[in-house]
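Enquirer: Let me begin by handing over the structure; questions about it come next.
The values are calculated or read from the model by the stated rules, or taken from the named source; none is laboratory data. These numbers come from a predicted model, not from an experiment. Backbone-built Cβ (ideal geometry, glycine too); neighbour counts: all protein chains shown.
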Protein chains: 2
Amino acid sequence: MAERTRATMQHVAALAGVSLKTVSRVVNGEPGVSEELEARVRDAVQRLGYRHNLAASNLRRGRRTASIGVLVQDLRNDFSGELLRAVEDIARLRGVVVMSSSLDEEPQREVELVRGLVERRIDGLILMPATEDQSYLLPEVHAGLAVVVVDRPPRGISLDSVTADNAAGVAAGVDHLAAHGHRRVAFVGDDTHIPTAADRRAGYLSAVARLGLDDEPELRVTGARTPQDAERAVAALLALDRPPTAIMAARNVITIAAVRALRAASLSHQIALVGFDDFPTADLLEPGVTLIKQDVVGLGTRAMDILLGRMDGEAGVGWRNEVLPTTLVERGSGEIPGPAARRH
Amino acid sequence: MAERTRATMQHVAALAGVSLKTVSRVVNGEPGVSEELEARVRDAVQRLGYRHNLAASNLRRGRRTASIGVLVQDLRNDFSGELLRAVEDIARLRGVVVMSSSLDEEPQREVELVRGLVERRIDGLILMPATEDQSYLLPEVHAGLAVVVVDRPPRGISLDSVTADNAAGVAAGVDHLAAHGHRRVAFVGDDTHIPTAADRRAGYLSAVARLGLDDEPELRVTGARTPQDAERAVAALLALDRPPTAIMAARNVITIAAVRALRAASLSHQIALVGFDDFPTADLLEPGVTLIKQDVVGLGTRAMDILLGRMDGEAGVGWRNEVLPTTLVERGSGEIPGPAARRH
DNA sequence: ACCCGGCTTGACAACGTTGTCAGATGTACA
DNA sequence: TGTACATCTGACAACGTTGTCAAGCCGGGT
């Protein structure tokens, strides 16, 4: 009983004693069906538990599938979750379903997942790339797939994108620390083959140069992938002969790891910390975590707006590369004074 | 150019100078195609950017779509994110794509989304229900849709389910508080029309009765939906003539709101707090938040295991209703001594 | 010369749906 | 009475794919 195959229009037609096409008309709400037949069909639909088969319908109509893919770094992460939610909220209004997956920075997985989605004929794709080059998407874009890259700029191919102003954000963070008297500011970031990580590092470097802060390789850590990596890296910074007086953490997870390392060394109230990207309890930590907030909902909303525009066939328009501003949120950890301030 | 329609096997066949069926054979890796033709076909596939159309293929083959739906409360929430990720990890190994959506406790949305997913012929559904009665799923289950309900027991219909032992978990939390000398323990939970919330409240009530703790209606708050609700509710508890000496928070978001309210009243170190469901920075708050941890990954993993079993046609077996145990994690906030302890 | 078997290839129908078109019926008008 | 027209209904092909089956070719055995 449970393994029975689904009822088709054929079955409904037979039960209602009408033709296939009449069932189709009723199901699609087309005009020109007498009340009596319509009632008979609706009754049969009800009795058989008939459900419209969108796959067959789309095949015949040559229509789009009203589905999109969203590939992010890790769905567990607050950033990805918030982004996906923003996308989903808009998608639902349009009756578009969202297929999502995590890439874990694995290029191979990105390529495979995109292929699977394309074979399912998604209409659009929102991608936070794990690959270093997205030119493999060229045939899909040519074939009409709408793609918007988020969080990172596209590489090897021209595509719409929406990113945060990473370099400016981090620079603002460093400015903020310098304004509070810090001259020895460390940076802890992700692998620089991730463009976002590279941009943030560049923002740090330019601010350090501009402000004439201590510019030493040992203050710059990259390649902190896991929370454990990040925590070890911060612990190592704190153990330097001349440790930094402030830390700029370039990502969500790294910020939390830094808090943990500072706690372990009982230096939470001595060493300043500015993070990048907000997280739910940042204001509840002691001290509160000052950080550069990116507009994650804005990122998702703009990406989805652009995607829907492309899906509606807004061709010809040049590629958009939107950069959303960041904001600094003061909460305490970034306002711990440095040596230059203490001198006063 | 961008609006061109996708190449079909027809086009590939024409370009390669072979029949449609030969293309099909090559694409599906069927044996019995000469090397020369296979090479010609592969070349044409490459040139045209041909991508297999799974919808048409499934239609013809009568196969399943290798896609499932996952409907959760809110993708932004750590709980939902973690759950989705656990499901996704298993799905990917099987080449199954996951369509996810948030329900925001809106029954209507659940019904609509399920319909949309069924019309897309998903093979399975993992559902954290927002409806009070899931009997509307009966026709779908009859038609062969595999369904597993998570986090909450199914109602109005028999289905497989995986839930945490909510009542026992909360009772353990209250036990813990009582063991630390508290006799006046408040409870803050969600709307009791959500079964999980009702179970947790029941666990609280049974523990209070069993231990002979203060049993007063004013100590029991339900209906805390938003963080703001919860924060106000806790503030109100603290403002009582005889305020509680300990608080049992029944959900993630409520726990964080409680921390916020206690902070605002400068009572974080006076009033004990035990939460339900872990969150990433619980150990970093001051004091660390003691809570009842549910095995979210286990929840997702078991649900997916059962779902895949059903999808593979494991019929006949009775419905499984798995209940996963919870664990208490001591971090400080739950070990703040109460009056009975202080007397010693 | 004939037949057999194995191998490769393609014609055709079918999956569930819908657009097109033609047939059937009824009504109104000259 | 005949014509025109509107309304309702269904037969049929097609969307892109694959299972079935038959046809063509080749070499080898009689």
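Enquirer: Out of all the residues in segment B:263-270, is one or more part of a helix (DSSP H, G or I) and either crowded, with 22+ Cβ neighbours inside 10 Å or within 14 Å of another protein chain (Cβ to nearest Cβ) (or both)?
Expert: yes
Enquirer: In the list A:Arg76, A:Arg47, A:Arg51, which residue meets the criterion of being more than 16 Å from DNA strand D (Cβ to nearest atom), assigned to a loop (DSSP other than H, G, I, E, B) and more than 30 Å from A:Ala303 (Cβ to Cβ)?
Expert: Unique residue meeting the criteria: A:Arg51.
Enquirer: Please verify whether A:Leu59 is closer than 29 Å to B:Arg63 by Cα, more than 8 Å from chain B (Cβ to nearest Cβ) and either touching an Asp or Glu at 6+ places or on another chain (Cβ under 7 Å) or without any contact (Cβ under 8 Å) to a residue 24 or more places away in the chain (or both), treating the condition exactly as stated.
Expert: no
Enquirer: Between B:Ala13, B:Ala7, which is more than 7 Å from DNA strand D (Cβ to nearest atom) and not in a loop (DSSP other than H, G, I, E, B)?
Expert: B:Ala13
Enquirer: Just to be sure before I move on: is A:Val185 modelled with pLDDT of 95 or more and either crowded, with 20+ Cβ neighbours inside 10 Å or of a type in the set (D, E, K, R) (or both) in the structure I sent?
Expert: Yes: the conditions hold for A:Val185.
Enquirer: How many of the residues making up segment B:16-28 are more than 9 Å from DNA strand D (Cβ to nearest atom) and among the charged types (D, E, K, R)?
Expert: Selection size over segment B:16-28: 0.
Enquirer: Give the residues of segment B:29-44 that are surrounded by fewer than 20 Cβ atoms within 10 Å (Cβ to Cβ) and either aliphatic (A, V, I, L, M) or within 11 Å of DNA strand D (Cβ to nearest atom) (or both), sorted by residue number.
Expert: Answer for segment B:29-44, where residues must be surrounded by fewer than 20 Cβ atoms within 10 Å (Cβ to Cβ) and either aliphatic (A, V, I, L, M) or within 11 Å of DNA strand D (Cβ to nearest atom) (or both): B:Gly29, B:Glu30, B:Gly32, B:Val33, B:Ser34, B:Leu37, B:Ala39.
Enquirer: Which residues, taken from segment B:1-50, are within 16 Å of A:Glu119 (Cα to Cα) and either in contact with a Lys or Arg (Cβ under 6 Å, 6 or more places away or on another chain) or of a type in the set (S, T, N, Q) (or both)?
Expert: B:Thr5, B:Thr8, B:Ser24, B:Asn28, B:Gln46
Enquirer: Given the conditions (1) surrounded by fewer than 17 Cβ atoms within 10 Å (Cβ to Cβ); (2) under 28 Å from B:Val141 (Cβ atoms); (3) more than 7 Å from chain B (Cβ to nearest Cβ), and given that A:Gly49 satisfies all but one, which numbered condition is not satisfied?
Expert: Among (1) surrounded by fewer than 17 Cβ atoms within 10 Å (Cβ to Cβ); (2) under 28 Å from B:Val141 (Cβ atoms); (3) more than 7 Å from chain B (Cβ to nearest Cβ), A:Gly49 violates only (3).
Enquirer: Tell me which of these B:Gly95 doesn't satisfy, since it passes every other one: (1) surrounded by 13 or more Cβ atoms within 10 Å (Cβ to Cβ); (2) away from DNA strand C (no atom under 14 Å from the Cβ).
Expert: Unmet for B:Gly95, out of (1) surrounded by 13 or more Cβ atoms within 10 Å (Cβ to Cβ); (2) away from DNA strand C (no atom under 14 Å from the Cβ): (1).
Enquirer: Right, here's the next one. Find the residue count for segment B:271-284, including only residues that are assigned to a loop (DSSP other than H, G, I, E, B) and aliphatic (A, V, I, L, M).
Expert: Selection size over segment B:271-284: 3.
Enquirer: Would you confirm whether any residue within segment B:279-288 is surrounded by fewer than 20 Cβ atoms within 10 Å (Cβ to Cβ), in contact (Cβ under 8 Å) with a residue 12 or more places away in the chain, in contact with a His (Cβ under 7 Å, 6 or more places away or on another chain) and closer than 27 Å to B:His182 by Cα?
Expert: Yes, segment B:279-288 contains at least one residue that is surrounded by fewer than 20 Cβ atoms within 10 Å (Cβ to Cβ), in contact (Cβ under 8 Å) with a residue 12 or more places away in the chain, in contact with a His (Cβ under 7 Å, 6 or more places away or on another chain) and closer than 27 Å to B:His182 by Cα.
Enquirer: When you scan segment A:87-114, how many residues do you find that are of a type in the set (Val, Ile, Thr), facing another protein chain (nearest Cβ under 9 Å) and over 14 Å from the mean Cα position of the chain (by Cα)?
Expert: Number satisfying all stated conditions: 1.
Enquirer: Okay, next question. Quickly run through segment B:13-23 and pick out the residues that are under 44 Å from the mean Cα position of the chain (by Cα) and more than 9 Å from DNA strand C (Cβ to nearest atom).
Expert: None; the set is empty.
Enquirer: Within segment B:124-238, which helices (runs of 4 or more DSSP H) (wholly inside it) include 1 or more residues that are within 14 Å of another protein chain (Cβ to nearest Cβ)?
Expert: Because the criterion is at least 1 residues that are within 14 Å of another protein chain (Cβ to nearest Cβ), the helices (runs of 4 or more DSSP H) in segment B:124-238 that meet it are B:138-142, B:227-238.
Enquirer: Within segment A:24-39, is there a residue that is in contact with a helix residue (DSSP H, G or I) (Cβ under 7 Å, 6 or more places away or on another chain), away from DNA strand C (no atom under 13 Å from the Cβ) and among the charged types (D, E, K, R)?
Expert: yes
Enquirer: Here are some residues: B:Arg225, B:Arg302, B:Arg320, B:Arg310. Which one is of a type outside the set (Asp, Glu) and modelled with pLDDT of 95 or more?
Expert: That would be B:Arg302, the only listed residue that is of a type outside the set (Asp, Glu) and modelled with pLDDT of 95 or more.
Enquirer: Here is a further query. Tell me the residue from A:Leu71, A:Leu83 that is more than 9 Å from every other protein chain (Cβ to nearest Cβ), away from DNA strand C (no atom under 16 Å from the Cβ), in contact with a helix residue (DSSP H, G or I) (Cβ under 7 Å, 6 or more places away or on another chain) and part of a helix (DSSP H, G or I), please.
Expert: A:Leu83
Enquirer: More than 18 Å from B:Val185 (Cβ to Cβ) and modelled with pLDDT of 95 or more, is that true of B:Gly275?
Expert: no
Enquirer: With (1) away from DNA strand C (no atom under 11 Å from the Cβ); (2) assigned to a helix (DSSP H, G or I); (3) out of contact with any Leu (no Cβ under 6 Å at 6 or more places or on another chain) as the list, and B:Asp104 as the residue in question, which single condition is left unmet?
Expert: Of the numbered conditions (1) away from DNA strand C (no atom under 11 Å from the Cβ); (2) assigned to a helix (DSSP H, G or I); (3) out of contact with any Leu (no Cβ under 6 Å at 6 or more places or on another chain), the odd one out for B:Asp104 is (2).
Enquirer: Further, regarding this structure: Out of all the residues in segment A:24-42, which are among the hydrophobic types (A, V, I, L, M, F, W, C) and touching a residue at least 24 places away in the same chain (Cβ under 8 Å)?
Expert: Result: A:Val27, A:Val41.
Enquirer: Scan A:Val274, A:Val296 and give me the residue that is surrounded by 19 or more Cβ atoms within 10 Å (Cβ to Cβ) and either over 19 Å from A:Pro153 (Cα atoms) or in contact with a Lys or Arg (Cβ under 6 Å, 6 or more places away or on another chain) (or both).
Expert: The match here is A:Val274.
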